[in-house]
Each structure stands twice: as structure tokens, then as C-alpha cells.
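Chemist: For reference, the structure I am asking about is given below.
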Amino acid sequence: MSVASRPFLPQDVIRRKRDGETLDQRDLKQFVDGTVSGAVSQAQIGAFTMAVYLNGMSRQERIDYTLAMRDSGRVIDWATVGLEGPTMIDKHSSGGVGDEKVSLIVAPLVAACGIRMPMISARGLGHTGGEIDLLEAIPGYDTVPTTAAFMNTVKDIGCAIIAPTPDLAPADKPIFYARDVCATVESIPLITGSIMSKKLAAGINGLVMTVPFGSGAFMKTEARAVELAESLLDVARGAGVPMTALISDLTQVLGDSVGSGLQIREVIRFLTGEYREPRLLEAVLALVSETFVMGGLAANLETARGIAWQHLEDGSAKDRFARMVLAFGGPADLVDLPERYIRDAPVIRPVYLEKTGFVSQMDCYAIGSALLGIGASRTRPQDDIDHTVGASSFASVGSTMDATHPFCILHAPSEDAWERCSEALTAAVKCSVTPAEPLPVIRSRLSTD
Ligand code: URA
């Protein structure tokens with residue numbers, strides 16, 4: 001029987017992948033479409049993801065799979081609202097502890113300089129958070145507006161950050177759910193398809209992203225982060241979209257805080273210039289500079305940094321953030337009066353380590369999990385999170401630890417939760433007698449060029 005006339009049997013596709021065969025474009029398209037139409041059952045999606053987890057996908061399979069996921073729904077055409085050209089660039093991160101706030105700074109900063117950033121982001125699961133959880137800490141912010149409202153906000157303000165809409169890459173939802181419950185989340189081809197299909201469905205013409213590694217990241221080692229970045233770049237090339245990937249260090253918490261409300265406050269303090277944690281500032285400037293060079297706004301990274309710095313200092317990035325919050329229903333005076341809207345947790349106290357010396361290692365997975373345990377994140381997609389809890393003023397690798405220097409300030413829902421979480425945080429940190437040298441935030445750069 002010719003390939004074209006072969007009837008579609010999901011179990012046949014699964015069997016061939018299980019046996020190490022290479023699937024063709026038609027197999028992948030039919031299977032992905034079937035996850036949306038119901039022709040493929042949840043059990044079959046789970047089995048397929050396990051077959052891919054065990055046998056991987058070739059470069060061509062990854063491209064075909066991602067494009068099939070992109071085409072499982074609508075692909076935004078910005079020309080319909082009069083927006084065309086090379087300046088529709090998105091920013092993404094494959095995820096890590098404290099890393100989700102970066103997008104909330106980068107998007108308004110690039111928008112203030114003339115690049116448009118339509119960002120469809122995610123909620124957090126497990127030890128990592130997501131941009132959408134942060135935005136949901138802002139009273140009134142609608143993270144699920146219509147696609148038309150999303151497009152108009154990008155047109156008027158230059159940036160918009162929202163949750164995935166049901167019409168963009170809908171196949172990601174059932175496949176992601178199956179991965180989550182079938183222990184196949186870590187598969188690089190499946191992560192690639194999940195991330196890139198949503199980005200490509202948003203109709204972007206460029207992508208800049210960080211791929212963090214370390215205890216706080218999705219990818220635990222630098223080698224795995226590079227492997228994921230290469231896979232994402234292969235698909236970007238296959239889709240004809242320029243992309244830059246920055247391999248970044250998440251062996252320590254990024255920035256000053258973890259937790260939704262606390263990170264919103266940190267974003268506001270960063271944009272107003274009240275406090276910019278140095279490693280967070282470095283990550284922001286690196287991402288924004290890459291975006292400006294890709295969008296033709298600057299000839300090189302150094303010039304781009306200058307432009308970015310100027311728009312941080314003159315308050316225009318802060319204004320864009322305020323306008324985006326207002327456009328999606330948040331308070332008009334959030335950046336002026338964050339304490340009015342972002343509530344405090346009931347118990348807020350510093351955590352002192354029993355050990356002294358210099359912070360030499362943080363187990364960020366354990367830190368994220370300890371905070372999850374008191375409500376800062378979720379273990380099931382349908383769970384609510386507590387926007388008031390988290391930790392702030394984190395020490396960095398190399399910081400002095402003694403009876404006067406706390407490791408962090410813990411914001412907990414109760415005394416009991418504070419005690420439990422404080423113990424887990426203390427156990428997650430190692431100290432040394434001499435100061436350890438922290439890794440640079442950005443380790444290397446890969447691109448489609
Ligand atoms: N982010 C996504 O959107 N999907 C993944 O699979 C991993 C990170």
C-alpha cells in the first residue's frame with residue numbers, strides 16, 4: 001500500500017516510533033491533528049511521548065512535528081492589524097527558579113525602543129514559576145484576553161504578555177498533559193515542539209531566548225542546555241525564523257526574589273531604578289541587546305546595550321510596563337503604589353543559616369520545592385497558588401553568611417509554614433571557608449546565523 005493511501009492508525013505510528021523508525025511529515029501531522037480532534041486517545045498520546053522519549057526524533061522529525069503542532073490551530077497574521085516587518089520578536093526562557101520575571105522587564109524595555117514583543121507565556125509547574133503566575137498577582141490583569149485584544153495591545157503599546165489562547169497551537173495542551181503524567185516532560189524533541197510551536201503560532205519573525213542550566217533549571221547540566229538550544233535552533237532554521245539562544249547559569253536563584261507577588265515588586269523596583277540585582281541586570285541587558293541587533297535597531301551589541309540602558313534610566317520602559325498592565329485591566333497606579341495592590345504574607349522573617357562562611361552552592365530545585373510546599377507554586381495545572389508567599393533578598397554565591405547576614409527573607413502563610421520552609425531552605429545551601437567564584441550569568445551564545 002502506498003504511503004499516501006495508508007489509513008491513519010495512531011497505534012501504527014506509535015509502534016513504528018517504538019521500534020526506532022523515522023516518522024514522516026504525514027504521520028506526524030495526522031497524529032498531532034488527532035490529539036486535537038479526538039482521533040488519538042490520551043493513552044495513545046502518552047505512549048507516543050514515551051516512544052519519543054526513548055528513541056528521540058531526527059532533525060527533520062522535530063521540524064515536521066513542531067510545524068504540525070503550530071498548524072494544529074491558528075497562526076497569527078500581524079499584517080491584518082497593519083504590522084509587518086522584522087521587528088516582531090519574542091523572548092523566551094526554557095525556565096528556572098526566579099527566571100520568570102525577566103520577561104516582564106525585557107518586553108516593556110524593547111517595546112520602549114520600537115521592537116514589538118508579542119509574548120504567549122505559561123503558568124509554572126513544579127519548582128519553577130511562570131510569567132502568567134506573576135501577572136495574576138496583579139489585581140484585574142486579564143491573562144486570557146481575546147486574540148484581537150492581544151493583537152491590538154501589541155500594536156498600541158508594543159508588548160503584551162498573556163497565557164496561551166485555545167486557538168494557538170492547541171495540540172500542546174493534551175500533549176503537555178500526557179507528558180506531565182507519563183514522566184516524559186524531559187524529552188528534548190518534545191520540549192522543542194512545545195516551545196517552538198507556540199512561538200511560531202504567534203507569528204513572530206525572530207526569537208531570542210535563554211536556555212538556563214543548573215539546579216534551578218529544567219536542564220540540569222550545561223551540556224543538556226546546549227543540546228536543547230541546538231534542537232530549538234534546528235527548528236527555527238527549518239521554520240525560517242532567526243533565533244539566538246543564550247546559555248545561562250541557574251546554579252543560583254536569579255535576581256532578588258522568588259514568588260509571584262514578590263517578583264512583581266522586584267520588576268517594579270527594577271524598572272523604576274530603585275534596585276537592580278546585578279545578575280538580573282546582566283541577563284536583561286544581554287537579552288535586550290541581542291533583540292536590538294536582530295531587529296536592526298543597533299549595529300552591534302555594545303551600541304544596543306547603550307540604547308537599552310538609556311530607556312531603563314529615562315523611565316520609558318517603566319511607562320510601557322504600566323501601560324501594558326492598564327491595557328489588560330490592572331491598576332493604573334501599580335508602579336507608583338505597588339504595596340497597595342501586592343499584599344504581604346502573614347509571616348515575614350529573615351532566615352539565618354546555622355553555618356558561617358561564604359555561600360558556595362545552592363540547590364535551587366530544593367529551594368523552589370520548599371517554596372512550592374508553602375504555596376508559591378503548584379504541582380497540578382489546576383491548583384491555585386498563594387501570590388503573597390515566597391522569599392526575597394536572596395544571598396548570592398560568594399556572600400558572607402553569619403549571625404548578622406541572612407540567607408533570605410521568607411514570606412510564609414503561617415508560623416508553622418515558616419518553620420518548615422526555613423528548615424528546608426537552610427538545608428539547600430552549602431557554605432565554604434573561602435569565597436567561591438560565581439559563574440557568569442551568560443555562558444555562551446548560539447544562533448541560527
Ligand atoms: N516550556 C514549554 O512551553 N514547554 C515545555 O515543554 C517546556 C518548557
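The values are calculated or read from the model by the stated rules, or taken from the named source; none is laboratory data. Quick caveat, the model's predicted, so the values are computed rather than measured. Here Cβ is always computed from backbone atoms with ideal geometry, including for glycine, and neighbour counts include all displayed protein chains. Areas reflect the complete protein model, heavy atoms only, side chains present, ligands, DNA and RNA absent. Shrake-Rupley method; radii C 1.70, N 1.55, O 1.52, S 1.80 Å.
Chemist: Taking the range 295-313 as the region of interest, how many residues are more than 18 Å from residue 159 (Cα to Cα) and part of a loop (DSSP other than H, G, I, E, B)?
Modeler: Counting residues in the range 295-313 that are more than 18 Å from residue 159 (Cα to Cα) and part of a loop (DSSP other than H, G, I, E, B) gives 3.
Chemist: Can you tell me which residue in the range 163-174 is modelled with the lowest pLDDT, limited to those that are away from the ligand (no atom under 11 Å from the Cβ) and small (Gly, Ala, Ser)?
Modeler: Checking each candidate, the answer is 163.
Chemist: For the range 154-164, enumerate the residues that are open to solvent by 10 Å² or more (accessible area, probe 1.4 Å) and part of a helix (DSSP H, G or I).
Modeler: Scanning the range 154-164 gives 155, 156, 157.
Chemist: Sticking with this structure for a sec: Is at least one residue of the range 311-331 farther than 19 Å from residue 275 by Cα, open to solvent by 50 Å² or more (accessible area, probe 1.4 Å) and either of a type in the set (Gly, Ala, Ser) or free of Cβ contacts under 8 Å to residues at least 12 places away in the same chain (or both)?
Modeler: Taking every residue of the range 311-331 in turn, at least one turns out to be farther than 19 Å from residue 275 by Cα, open to solvent by 50 Å² or more (accessible area, probe 1.4 Å) and either of a type in the set (Gly, Ala, Ser) or free of Cβ contacts under 8 Å to residues at least 12 places away in the same chain (or both).
Chemist: Same structure, new question: Just one of (1) more than 21 Å from the chain's Cα centre (by Cα); (2) buried (at least 23 other Cβ atoms within 10 Å of the Cβ); (3) not aliphatic (A, V, I, L, M) trips up residue 90, so point out which.
Modeler: (1)
Chemist: Give the residue, chosen from 178, 183, 217, 160, that is modelled with pLDDT under 95 and under 16 Å from the mean Cα position of the chain (by Cα).
Modeler: The match here is 217.
Chemist: Which of the residues spanning the range 402-437 are in a loop (DSSP other than H, G, I, E, B) and touching a strand residue (DSSP E or B) at 6+ places or on another chain (Cβ under 8 Å)?
Modeler: 406, 407, 413, 414, 428, 433, 434, 435, 436
Chemist: Then there is this: Within the range 124-142, is even one residue more than 25 Å from residue 377 (Cα to Cα), away from the ligand (no atom under 12 Å from the Cβ) and either basic (Lys, Arg) or surrounded by 23 or more Cβ atoms within 10 Å (Cβ to Cβ) (or both)?
Modeler: No: zero hits.
Chemist: Would you check which residues across the range 1-25 are open to solvent by 70 Å² or more (accessible area, probe 1.4 Å) and modelled with pLDDT of 95 or more and list them?
Modeler: 9, 11, 15, 18, 19, 21, 22, 25
Chemist: Of the conditions (1) crowded, with 16+ Cβ neighbours inside 10 Å; (2) over 27 Å from the mean Cα position of the chain (by Cα), residue 404 satisfies every one except a single condition; which number is it?
Modeler: The single condition residue 404 does not satisfy is (1).
Chemist: Contact list please: Cβ distance under 7 Å, first residue in the range 378-398 and outside any loop (DSSP other than H, G, I, E, B), second residue open to solvent by less than 20 Å² (accessible area, probe 1.4 Å) and of a type in the set (Val, Ile, Thr), pairs at least six apart or on different chains.
Modeler: Close Cβ pairs (under 7 Å, with a partner that is open to solvent by less than 20 Å² (accessible area, probe 1.4 Å) and of a type in the set (Val, Ile, Thr)) amount to 390/258; 391/258.
Chemist: Also: State all residues of the range 334-377 that are open to solvent by 30 Å² or more (accessible area, probe 1.4 Å), assigned to a loop (DSSP other than H, G, I, E, B) and closer than 15 Å to residue 416 by Cα; if no residue qualifies, say none.
Modeler: 346, 373
Chemist: Out of all the residues in the range 26-40, is one or more over 28 Å from residue 120 (Cα atoms) and open to solvent by 60 Å² or more (accessible area, probe 1.4 Å)?
Modeler: No - not one qualifying residue is present in the range 26-40.
Chemist: Now a separate question. Which one of these does residue 112 not meet: (1) at pLDDT 95 or above; (2) within 13 Å of the ligand (Cβ to nearest atom)?
Modeler: Here residue 112 clears every test but (2).
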